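Step one of this worksheet: look at the structure below.
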Amino acid sequence: MRIAELAARHGLQSSAIRYYEKEGLLGTPLRKNGRRVYSAESAYPLVLICFAKQTGFTLGEIKLLLHGFPATTPAGVRWRRLARKKIKELTAMIARAQAMEKMLGSLMRCRCRTLEQCARGLSKHMREPGGGNRSRLKFSLEGTCR
């Protein structure tokens with residue numbers, strides 16, 4: 001099959017398939033009259049790529065899944081190794097999102113008249129992790145403006 005047909009089967013643009021080839025996720029297809037020709041089996045790695053992307057894996061992680069293990073490594077072992085790391089990342093993201101939601105809820109109760117007044121109130125609740133790096137200021141969840 002041609003690249004356009006392969007792409008259409010997976011809801012992709014042909015350029016995405018060419019990009020995956022360039023990045024080493026997909027092997028180089030055979031060529032006939034200068035055009036890429038794909039076998040039915042060449043769609044399997046694309047199925048894995050699409051599924052892994054939908055599950056939140058980066059292209060680097062997908063490349064590791066496909067090519068970063070010895071050929072004898074079972075699929076389940078590969079998925080478990082990547083999934084453990086991804087679950088840790090998601091857990092941290094969820095915690096950050098919950099903290100943000102709590103802070104935004106606190107902002108919904110703000111009664112400050114000016115942003116300066118708000119900044120003064122918030123500055124009382126700032127923590128400075130990492131010893132002095134002002135670009136990483138964090139606010140305690142209890143800090144609300146009045």
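Read the figures in this text as sums done on the coordinates, not as results from a lab. Since we're looking at a predicted model, the values are computed, not measured. Glycine also receives a Cβ, built like all others from the backbone with ideal geometry; neighbour counts cover every protein chain displayed.
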Item to check | Loop-located GluC sites (Glu not before Pro) in the stretch 16-88, at most 13 other Cβ atoms within 10 Å (DSSP) | outcome: E23
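Would you mind checking K32/K63; K22/K85; K22/K86; K22/K53 for any pair whose Cα atoms are more than 29 angstrom apart?
Details: K32/K63 27 Å; K22/K85 26 Å; K22/K86 25 Å; K22/K53 17 Å.
Check vs 29 Å cut-off fails for no pair.
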Checklist entry - Considering only the other residues whose Cβ falls under 11 Å of the Cβ of E89, what net charge follows from Lys and Arg at +1 and Asp and Glu at -1? => result +4
Checklist outcome for this item: Listed by chain and number, the residues whose amide H is under 5 Å from that of H125, excluding neighbours fewer than 5 places away on the same chain and using placed H, are none
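Once you keep just the Cα pairs under 8 angstrom separated by 6 or more residues, what percentage relative contact order results for the stretch 1-136? Before the final figure, lay out the partial values.
Numbers: 59 pairs, mean separation 19.7, N = 136.
Rounded, it is 15 percent for the stretch 1-136.
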Checklist entry - So which helices of the chain fit the span-like rule, where a helix is a whole DSSP H run, its Cα atoms reach 27 Å or more along the axis, and its mean Kyte-Doolittle is at least 1.0? => result none
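For the chain, give the magnitude of the charge dipole about the Cα centre (Cβ charges: +1 Lys/Arg, -1 Asp/Glu; no others), in debye to the nearest 20. Could you put the intermediate results ahead of the total?
On the way: 29 positive and 10 negative charges, 69 e Å.
That gives the chain a dipole magnitude of about 340 debye.
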